[in-house]
Every structure is written in structure tokens, then in C-alpha cells.
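Below: one structure, written as C-alpha cells.
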Amino acid sequence: MLSTEQRDQFQRDGYLVVPDFKSMDDIARLRQRAGEIVNEFDPGQGRSIFTTRDQTTATDEYFLRSDNTIRCFFEEEAFGPDGQLRQEKALSINKIGHAMHDLDPVFAAFSRDPKLAAVARELGLVDPKVWQSMYIFKQPGIGGEVRWHQDATFFETTPVSVTTFWFALEDATIDNGCLWVEPGGHRGPMRERFVRNGDDIKMETLDSMPWPNDSSAVPLEAKAGSLVCFHGLLPHYSAPNRSPVSRHAYTLHATDGATTYSPRNWIQRDASFPVRGFE
């Protein structure tokens, strides 16, 4: 699936953009199903807001119980001072997470793709295990910022193996909040570790190395259908979306079953709901 040049780029820069990986028909089916999930969602079930500003205080029971099911989360700016939605529900949801790839047939079909399995192997995942899926809306006007972070913070393995597979479902541009990355930043240390013990969570600081700034960060603009792969230690970020255009994306996080998955990671599986690969 990947050329030698593409594999070399991933090793050198910590990321890779593969254009035209998914068809427009694939994307249309996923978008339609995401819309159906949102339409069926009753805000009375949970008005949890997703934010990366202070995840230890913002993470609530509704979020923690979303680890192995399917739940919707609102944008930070979705509600007005009166506690009511500023706009219709469909334009207020930040994301759906976190087990659609296992529990929903449409998402499973999109996620369990022989081409994707091949890419994962070529990027070094000997025995891929997919722990998390997220459908991210990045709503027009109110799409929330995602602060600089590394995905290994949330999926610690020994050695580090988590790899992110991020699909552009719409054109991702600087204007509507595309990803920003630090090329080569995956060779730096893991800065934080998100730890769960039952319902107790905390963010542990591991290294004080500063996050990237404008001098080292580059935007990853991507056309709809593109697959963006990046290393679990690669620092990445996305700005708020103040444009009138949404930036839908779908992302999967996979580790290598040949590594040791931390029992303190926030998502765990057991024999009743085993973690699976891309096939």
C-alpha cells in the first residue's frame, strides 16, 4: 500500500498523508450514519461537553462510561448563558465516541478495511489492536480548539506503539481547523500520561519539554478522502473553527498487540468485549 518514500517519511517526520484513501461513497455512508446517531441522541441523556483545556476536571461519569459504547458530546460553545443550545442539535455536537468501530455496522465496515490493515502493518504494527474511534464534527463557528497533545498520553504501551489513523471526511483547511503537527516531534519525550483508576483520573506530567510554537509547527491540510497517519508521540493540535464550514473527520487509535498495554489506560477491554484489529 505504501511506497518506500512514504514509509521513510513516516519514520522521519512522524506523520504521513495518503490522498484518496476512501471513496466519496464510503464517506457519504459514514456521514449519514453519524447524522442518524446525532438525530437519535436525546440531550437529556447527557449534556457532557468535550474539551481539552483541563481534562481531569472536565471528564465526568458520562465521558468515562463512553469508553466501550457510543455517546455524543457537545461543543464547548454550544450552550448560551441560559443553558439552552445556541443552535440546532446537529450543529452543536463536538464528537461521537468511542466504540463505533465495534458496535455500529456502518462504522465497522469503514474501519475494518484490508487496505487499512495493510497500511498499519507497513507502519510497524505487527498485531494491530483498535481501542478507540471518534467522529469529530468541528462545527462551523463554534468548533472547539484541541490543545497540543500526544496520543500516547491516552494509550500508553511499552514500548510506545499507538498509531493514529485520521480520515478527512471533508476538506480540512487552515480556515476550518485542520491539524497542525511538529515534523520530527515524535522523537521527543512523552510529556503527559492520562491515568485512570476506577472513576479516579489524573494527568501526570512526565517531561517539561515545551509544546511546539509557530516556528516549528506546520498545517496538515487534507482533501476529503485522505488518510492521515501519525505516530503516538507526534505533538499535534487543531485551532478553533470560526469559519462557516464544518470539518468532519473520523479517527481510530490502534496499538500493537506485541507491546504491553498499560492497565492504567482509560479504555480497557476484557474477554466479554475483546479488542480487535482491522480485519
Scanning the range 1-44 residue by residue, those over 27 Å from Arg187 (Cα atoms), open to solvent by 50 Å² or more (accessible area, probe 1.4 Å) and in contact with a Ser or Thr (Cβ under 9 Å, 6 or more places away or on another chain) turn out to be Asp20
Take the conditions over 19 Å from Gly225 (Cα atoms), of a type in the set (Asp, Glu) and surrounded by 17 or more Cβ atoms within 10 Å (Cβ to Cβ) and apply them to Glu77. Does it pass? yes
Next item on the list: Could you tell me whether the range 174-181 includes any residue that is of a type in the set (Gly, Ala, Ser), modelled with pLDDT of 95 or more, more than 21 Å from Thr255 (Cα to Cα) and touching a strand residue (DSSP E or B) at 6+ places or on another chain (Cβ under 9 Å)?
Entry: yes
Exercise. Please verify whether the range 69-82 includes one or more residues that are at pLDDT 95 or above and touching a His at 6+ places or on another chain (Cβ under 7 Å).
Key: no
Of the listed residues (Phe137, Phe167, Phe154), the one being under 22 Å from Ile93 (Cβ atoms), of a type in the set (Phe, Trp, Tyr) and open to solvent by 20 Å² or more (accessible area, probe 1.4 Å) is Phe154
Given the conditions (1) under 17 Å from the mean Cα position of the chain (by Cα); (2) outside any strand (DSSP E or B); (3) without any contact (Cβ under 8 Å) to a residue 60 or more places away in the chain, every one holds for Trp180 apart from (2)
Flagged pairs (Cβ under 8 angstrom, 6 or more apart or on separate chains; first in the range 108-127, at negative phi; second assigned to a helix (DSSP H, G or I) and open to solvent by 20 Å² or more (accessible area, probe 1.4 Å)) are Ala108/Asp102; Ala109/Arg29; Phe110/Asp26; Phe110/Arg29; Glu122/Arg7; Leu123/Arg7
Fill in: Test: residue in the range 169-181 that is closer than 25 Å to Arg269 by Cα and among the β-branched types (Val, Ile, Thr)
no
Flagged pairs (Cβ under 6 angstrom, 6 or more apart or on separate chains; first in the range 61-72, open to solvent by 30 Å² or more (accessible area, probe 1.4 Å); second assigned to a loop (DSSP other than H, G, I, E, B) and at pLDDT 90 or above) are Asn68/Ala99; Asn68/Phe273; Thr69/Ala99
For the range 227-254, pairs from a residue that is under 19 Å from Phe137 (Cα atoms) and basic (Lys, Arg) to a residue that is open to solvent by 10 Å² or more (accessible area, probe 1.4 Å) and part of a loop (DSSP other than H, G, I, E, B), with Cβ under 7 Å and 6 or more apart or across chains, are Arg242/Gly141; Arg247/Glu170
The number of residues in the range 240-279 that are under 19 Å from Ile96 (Cβ atoms) and under 17 Å from the mean Cα position of the chain (by Cα) is 12
Only one of Arg121, Arg193 is in contact with a Pro (Cβ under 8 Å, 6 or more places away or on another chain) and among the basic types (Lys, Arg), namely Arg121
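The values are calculated or read from the model by the stated rules, or taken from the named source; none is laboratory data. The shown structure was predicted, so the numbers you read here are calculated from the model rather than taken from an experiment. Please note: Cβ atoms are built from the backbone with ideal geometry, for glycine as well, and neighbour counts cover all protein chains shown. Ligands, DNA and RNA are stripped out before the accessible areas are found, and what is left, the full protein with its side chains, is counted by its heavy atoms. Shrake-Rupley method; radii C 1.70, N 1.55, O 1.52, S 1.80 Å.
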